[in-house]
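Here the structure comes first, spelled out in structure tokens, and everything after it is commentary.
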Amino acid sequence: MAGADILINAIRPTLGPVPRIVAIDRTLDHCSPELLDSGGTIAKRVIQLPDYRADMGAMFVRDMFWRLQDQEGDGTATAAVIFQATFNEGVRMITAGLNARRLQGFLEEGIQVVIEELRRQTQPATTSSQLVQVAYTVCQDRELSELLGEIFSIIGSYGRLEVREDAGRGLRHEYVEGTYWERGLISQHMVADVKRMRSEMEDAAIVFSDLRIRHPQDILPVLIAAVKANYRRLLLIADELSDSAISLLLANNKPAHMQILAVKTPGYGPEQQAAFLEDGTILCGGRAFVRSAGDTFASIRKEDFGHARRVWADLHNFGVIGGKGDARWRRRHVATLRALHTETGDLVLRDKLQDRIGRLLGGSATLRVGGASTPEIKARKELAERAVKAVRGALQEGILPGGGVALLGCRPALQARLDAACIPEERAAYRILLNAVTEPFRTIVANAGYSPSAILVALDYAGPGHIFDALSGNIVPMETAAIYDPANIVKAAAYAGLSSAALALTIDVLVHRTEQPSHALPPSPGRRKQL
Amino acid sequence: MKTSSVTLLTKHVLTERVMDGLESVHALAASPGFSQDGVCCAAGTGGLYLSCDGGRSWQDACASLALASPLVTTAVVFSPDFAHDRTLFASVPGGVLRSHDAGTTWHVAPLSSPPPFVTALAVSPNYAKDGLIFAATLEDGILRSCDRGATWAAWNFGLLDFHVYALALSPNFAHDDTLYVGCESGIFRSSSSGRGWQETAFPMDCAPVLSLALSPDFTTDGVIFAGTEASGLWISSDRGVTWRAVSGWETPGPINALILPPTFAQQPWILAVTDTALCLSRDGGMSWQVQHSIKLTGITCAAALSIDQPNIQVILGTSDGGVLLCKL
């Protein structure tokens with residue numbers, strides 16, 4: 001546990017609105033130390049501890065923090081102090097003679113009580129000011145928080161927001177109409193507006209496919225069908241077009257008669273391309289021609305073309321504005337993707353679904369982060385990305401009273417369980433949990449320079465609906481303070497901290513390798529000794 | 001412009017055909033101070049016409065443009081502060097006309113290409129300060145102008161249906177930034193001043209929604225009425241979160257317009273206009289009285305001139321280009 005304590009004690013000062021800074025020495029160069037106030041980033045920077053026993057404990061919690069940071073964007077410091085309080089108290093109980101496995105079982109039951117209580121306290125984030133506050137909780141940057149509050153009140157919880165580095169000094173944002181994908185024109189000869197290196201078409205017909213066109217005659221049916229249907233503007237999407245096929249398109253690309261643009265099918269691999277084809281045809285109508293299904297353009301008909309009010313393409317992207325697909329299908333499809341997004345626990349799949357839903361919502365926002373130097377820009381961009389994740393989570397899962405107060409709100413339910421419990425391990429589990437849920441609050445208060453016990457008594461005396469404002473040092477009504485945490489982060493942090501600690505309590509044996517890697521840090525005494 | 005004066009006097013309803021020749025009437029609007037100034041507008045395929053005497057006589061409002069042929073006008077709306085700023089807006093193919101002198105002269109603001117078909121215009125109740133105007137379109141979603149109609153941009157974040165037929169702003173728009181749109185597939189709500197949209201739970205199978213009306217006391221009662229094409233009248237009492245069909249509504253046909261009086265909280269009158277009937281409820285939609293005494297066909301739009309008890313006066317537009325003045 002020594003290693004876990006070392007790591008957690010490094011993260012502990014970063015919890016709350018008055019965080020202390022942690023300085024980490026850079027190992028790869030001789031630059032000045034890195035100054036961090038993010039628990040997740042601190043955990044990522046710790047690669048190995050000199051003592052092999054301590055290292056195992058540190059890596060155990062580091063993995064949990066890393067995962068939490070990637071999944072929710074924040075909450076590592078909360079999870080860290082909860083883990084420490086739970087584990088230390090649990091070890092004391094086990095040393096006193098309680099059964100570790102049974103204790104873990106009751107702790108798992110108690111975790112459900114905590115999560116349920118947090119769920120009960122959750123309220124939807126409805127106003128822009130709440131979103132601003134949530135962002136501020138994560139990034140402590142007023143300008144960035146206000147910008148994110150405005151952006152998310154427009155794009156909504158599933159809206160598409162790209163955070164990019166900018167050459168300027170401050171923050172800029174813009175909104176892009178319609179949907180776009182990262183695939184450009186297949187030939188620069190299709191660029192109509194040479195000045196802007198861009199082509200635009202109105203009321204365009206669109207052919208969706210992932211076909212590989214080797215011969216000009218393969219796309220001839222498309223051109224014939226388009227001419228027959230009197231479509232004068234055509235966007236062809238295909239996975240591959242041979243030079244001769246491109247030549248045929250260019251030869252027929254005469255804006256007075258027919259304007260043709262061609263782009264590659266977005267997505268890497270059949271799965272992503274299939275998702276694009278599904279979304280594209282729902283957005284614009286028409287039919288997708290799929291290689292794996294043996295489709296060709298030979299049988300293309302008028303009804304197979306999708307349509308959009310406007311289409312644009314440059315050498316890097318193409319976009320669609322006002323797809324003419326069936327609105328009811330589009331709404332049902334978005335609802336299906338949202339349900340999948342809510343249900344799945346697969347982080348990669350969640351990100352993909354989020355991206356797909358964002359594109360279908362018909363617009364996107366871009367936040368450009370500038371700064372005085374490259375490291376500042378990179379740091380602020382990372383902060384912005386974490387804040388984006390937190391605000392999105394708050395919109396999707398709601399908000400909770402901040403400052404550790406939501407976890408304090410779990411105490412009555414835990415106390416009731418404790419009062420009803422008879423088995424020693426059960427009573428011990430609820431005692432541990434009662435202590436663990438107060439730990440984040442205690443840490444925040446201590447980090448702000450106040451006495452945790454005194455403030456806790458004062459808060460209990462003030463009654464429900466009050467919160468400790470660590471910035472002003474006062475206990476204030478919740479509606480006045482407007483201090484919120486994203487519910488998903490609090491729940492994930494509580495779950496990760498408690499569940500990992502419960503599991504760690506059952507670990508009895510440590511096994512490590514006899515031969516350490518050659519690049520390992522100087523061995524401590526007994527490092528090569530096998531347990 | 002041919003003006004006729006065919007009067008039908010019945011027991012309950014006085015109907016007068018006050019204008020012909022618009023080919024098809026798309027929109028009607030009355031000045032907010034109609035009871036004092038008597039100004040109203042009719043927009044249709046045959047152009048835009050203005051009356052300054054309560055609908056008795058009509059003049060070509062676009063005469064100053066000296067056009068060779070009438071300008072198809074699809075929507076018209078008055079500024080809420082018309083008495084002082086004399087401002088009105090009208091949508092034409094490819095642009096929005098705005099006049100700051102009650103229709104004497106016009107300025108054109110172009111819309112994005114391809115030209116959208118504007119189905120409805122709405123001006124912010126706080127127009128004097130925010131200068132916001134919204135245009136609902138048939139294929140391009142919502143267009144928004146924040147500079148008093150000079151420039152327009154599409155704001156369709158989250159609007160999954162671009163076929164918009166109806167538009168209604170919260171009476172407390174200055175504070176809640178809320179507006180609703182009725183679409184081909186249901187109803188969407190914006191609480192970000194028309195820039196981002198969320199779906200409401202209005203059932204998709206009961207859409208399209210052709211008309212919307214928010215209670216004048218919307219901030220406290222949260223009441224919204226929605227008139228559909230074929231599924232009758234719907235109500236929400238929680239700001240659009242849940243919807244239910246109005247049980248007393250039995251009249252078939254599309255509900256093209258809904259009119260609520262400013263005193264709806266005290267006198268819960270609702271006037272619903274279908275293509276063939278004028279239906280009046282005096283009890284918040286529980287029971288309805290169809291005005292059978294007049295024969296109406298092809299009603300496309302309506303506007304309230306005065307709806308204070310006992311004097312209810314509306315103008316109706318028809319698909320054959322007529323404008324009817326009705327007193328209930």
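The values are calculated or read from the model by the stated rules, or taken from the named source; none is laboratory data. Everything quoted here is computed from the prediction, not taken from an experiment. Don't worry about glycine lacking a Cβ; one is built from the backbone with ideal geometry, like all the others, and counts go over all protein chains shown. Each accessible area value is taken on the protein alone, full model and side chains, heavy atoms only, with ligands, DNA and RNA left out. Shrake-Rupley method; radii C 1.70, N 1.55, O 1.52, S 1.80 Å.
Just a few scattered comments:
- Of B:Leu212, B:Leu48, B:Leu65, the one that fluctuates the most in a GNM where chain B has Cα springs shorter than 10 Å: B:Leu65
- With a 10 Å cut-off around each Cβ of B:187-197, the average count of Cβ atoms from other chains is 3.
- Heavy-atom SASA rank of A:Asp355, A:Asp314, B:Asp161 (probe 1.4 Å, accessible area, largest first): A:Asp355, A:Asp314, B:Asp161
- For A:Glu162, solvent-accessible area (1.4 Å; no DNA, RNA or ligand), Å²: 50
- Counting Cβ atoms of other protein chains within 10 Å of each residue's Cβ and taking the mean over peptide A:320-331 gives 5.
- Computing FRET efficiency as 1/(1 + (r/R0)^6) for A:Thr374 and A:Tyr268, where r is the C-beta to C-beta distance and R0 is 22 Å, gives about 0.15.
- On association of chains A and B, roughly 2300 Å² of accessible area becomes buried (total for both chains; probe 1.4 Å).
- A:Thr122 sits among other residues whose Cβ lies under 11 Å from its own Cβ, and their net charge, with Lys and Arg +1 and Asp and Glu -1, is -1.
- Whole-percent carbon and sulfur share, accessible surface of the range B:78-128, 1.4 Å: 59
- Point-charge dipole on Cβ atoms (K/R +1, D/E -1) for the protein assembly as shown, about Cα centre, debye to 20: 1140
- Ranked from largest to smallest solvent-accessible area, with a 1.4 Å probe on the protein heavy atoms, B:Tyr165, B:Tyr127 come out as B:Tyr165, B:Tyr127.
- Electrostatic bookkeeping for A:Met59 treats Lys and Arg as +1 and Asp and Glu as -1; over the other residues with beta carbon under 14 Å from its beta carbon, the sum is +2.
- Protein-protein interface of the range A:360-384, residues with accessible area decrease of at least 50 Å², isolated chain reference, 1.4 Å probe: A:Leu361
- Computed from the Kirkwood radius of its Cα pairs, the Stokes-Einstein diffusion coefficient for the range A:166-220 at 10 °C and 1.306 mPa s stands at 104 µm²/s.
- Accessible area of B:Ser31 in the full protein assembly, 1.4 Å probe (Å², nearest 10): 10
- Take every Cα pair under 8 Å whose residues are at least 6 apart in sequence, average their separation, divide by the length of chain A, and the relative contact order is 26 percent.
- Expressed as a whole percent, the accessible area of the range A:317-357 that falls on carbon and sulfur atoms is 55 (1.4 Å probe).
- DSSP-defined beta bridges in the protein assembly as shown - what % are antiparallel, rounded to 5: 85
- The alpha carbon gyration tensor of the range A:58-166 gives principal lengths a ≥ b ≥ c with a/c of 1.5 or higher and a/b greater than b/c, which makes the shape prolate.
- Note on the range A:196-263 and the range A:90-120: Cα centroid distance 64 Å, given to the nearest whole angstrom.
- Per residue, in Å², the accessible surface of the protein assembly as shown once ligands and nucleic acids are set aside, probe 1.4 Å: 42
- Subset of A:Lys264/A:Lys324; A:Lys352/A:Lys378; A:Lys264/A:Lys389; A:Lys228/A:Lys254; A:Lys195/A:Lys381; A:Lys195/A:Lys254 violating a 28 Å alpha-carbon distance limit: A:Lys264/A:Lys389; A:Lys195/A:Lys381
- On the principal axes of its alpha-carbon atoms, chain A has extents of 86, 59, 50 Å, going from largest to smallest.
- Cβ crowding within 10 Å averaged over residues, with A:435-441, A:461-467 ranked highest first: A:435-441, A:461-467
- Neighbouring Cβ atoms from other chains, within 10 Å of the Cβ of residues in A:153-160, number 4 on average.
- Computed over the range A:250-361, relative contact order equals 19 percent, with contacts defined as Cα pairs under 8 Å that lie 6+ residues apart.
- Applying Stokes-Einstein at 25 °C and 0.890 mPa s to the Kirkwood radius of the range B:166-281, computed over alpha-carbon pairs, gives a translational diffusion coefficient of 176 µm² s⁻¹.
- Burial annotation for the range B:134-177: residues with an accessible-area loss of at least 40 Å² between the isolated chain and the complete set of protein chains, computed on heavy atoms with a 1.4 Å probe, are B:Glu139, B:Phe157, B:Leu160, B:Phe162.
- Given their separation in residues at 0.36 nm each and the Cα-Cα distance between them, A:Leu35 and A:Arg119 gain 26.7 nm when the chain is fully extended.
- Dipole size of the range B:146-289 about its Cα centre, with +1 on Lys/Arg Cβ and -1 on Asp/Glu Cβ: approximately 200 debye, rounded to the nearest 20.
- Each residue was assigned an accessible area with a 1.4 Å probe, and for A:Ser299 the value is about 70 Å².
- Rough spin-label spacing in nm, given labels placed 7 Å along Cα→Cβ, for B:Ser64 and B:Thr242: 5.2
- Other residues whose C-beta falls under 14 angstrom from the C-beta of A:Arg386 contribute a net charge of -2, scoring Lys and Arg +1 and Asp and Glu -1.
- Centre separation in Å (Cα based) which lies between the range A:421-458 and the range A:57-76: 22
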